[in-house]
Amino acid sequence: MNKRKFMKQMQLLDELLEDNFDATGATFAAKVVEATPQLPKGIVEKLSFLANLYDGAREGKTPSEADLKQAGYWINAAYPYLSNGVPMPKSVLSRIVRRLVQLIVLALVVFAAWRFLLR
């Protein structure tokens, strides 16, 4: 995970805290504190780690690779609780690549069928 992806994922978690838990704090950390009674203890600990990292990144500090890797795990762990079980959205690029692979496979199948029928 890079810093840009981390910031994007954290903005998504920030929106989920506002929408699903009515957290209205000024910072992400304040929203986590406000939603604490509604979340499991382990998720609150993970969100606190993410809040510290996110606030530092917003101030211009670059998180270490180890912290970003850990943040990826914690984001994946916290997302189901914050989204009320809705799966995490897939990126547009992965959808495009998947569609391209499907088209190539389909073209190969059509070509093989055409060659087989001509013999």
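The values are calculated or read from the model by the stated rules, or taken from the named source; none is laboratory data. On a predicted model such as this, the values are computed, not experimentally measured, just so you know. Note that each Cβ is placed from the backbone with ideal geometry, even for glycine, and that neighbours are counted across all protein chains shown. SASA here: full protein model, heavy atoms, side chains in, ligands and nucleic acids out. Shrake-Rupley method; radii C 1.70, N 1.55, O 1.52, S 1.80 Å.
Considering region 52-103, the residues that are touching a helix residue (DSSP H, G or I) at 6+ places or on another chain (Cβ under 9 Å) and acidic (Asp, Glu) include one that is farthest from Met7 (Cα to Cα), namely Asp67.
Cβ-Cβ contacts under 7 Å between residues 6 or more apart (or on different chains), taken from a first residue in region 49-69 that is open to solvent by 60 Å² or more (accessible area, probe 1.4 Å) to a second residue that is in a helix (DSSP H, G or I), are listed as Phe49/Trp74; Thr62/Lys3.
Has region 12-30 got at least one residue that is more than 22 Å from Met88 (Cα to Cα), assigned to a helix (DSSP H, G or I) and either open to solvent by 30 Å² or more (accessible area, probe 1.4 Å) or touching a strand residue (DSSP E or B) at 6+ places or on another chain (Cβ under 6 Å) (or both)? Yes, the conditions are met somewhere in region 12-30.
Take Val33 and decide whether it is surrounded by 13 or more Cβ atoms within 10 Å (Cβ to Cβ), among the hydrophobic types (A, V, I, L, M, F, W, C) and touching a residue at least 12 places away in the same chain (Cβ under 8 Å). No, not satisfied. Return yes or no: is Ile104 at negative phi and under 17 Å from the mean Cα position of the chain (by Cα)? No; evaluated as a whole, the condition is false for this residue.
Just to be sure, is Val86 open to solvent by 30 Å² or more (accessible area, probe 1.4 Å) and more than 18 Å from the chain's Cα centre (by Cα)? Considered against the rule, which asks whether it is open to solvent by 30 Å² or more (accessible area, probe 1.4 Å) and more than 18 Å from the chain's Cα centre (by Cα), Val86 comes out as no. Among (1) open to solvent by 90 Å² or more (accessible area, probe 1.4 Å); (2) touching a Lys or Arg at 6+ places or on another chain (Cβ under 6 Å), which single condition is Ala77 missing? Every listed condition holds for Ala77 apart from (1). Take the residues in region 55-111 that are of a type in the set (Val, Ile, Thr) and assigned to a loop (DSSP other than H, G, I, E, B), then tell me which one is farthest from Asp19 (Cα to Cα). Selected residue: Thr62. Applying a threshold of 8 Å to beta carbon distances and a minimum spacing of six or more residues, or different chains, the list of pairs starting in region 12-27 at a residue that is of a type outside the set (A, V, I, L, M, F, W, C) and ending at one that is open to solvent by 100 Å² or more (accessible area, probe 1.4 Å) and assigned to a loop (DSSP other than H, G, I, E, B) reads Glu18/Thr24; Asn20/Asn84.
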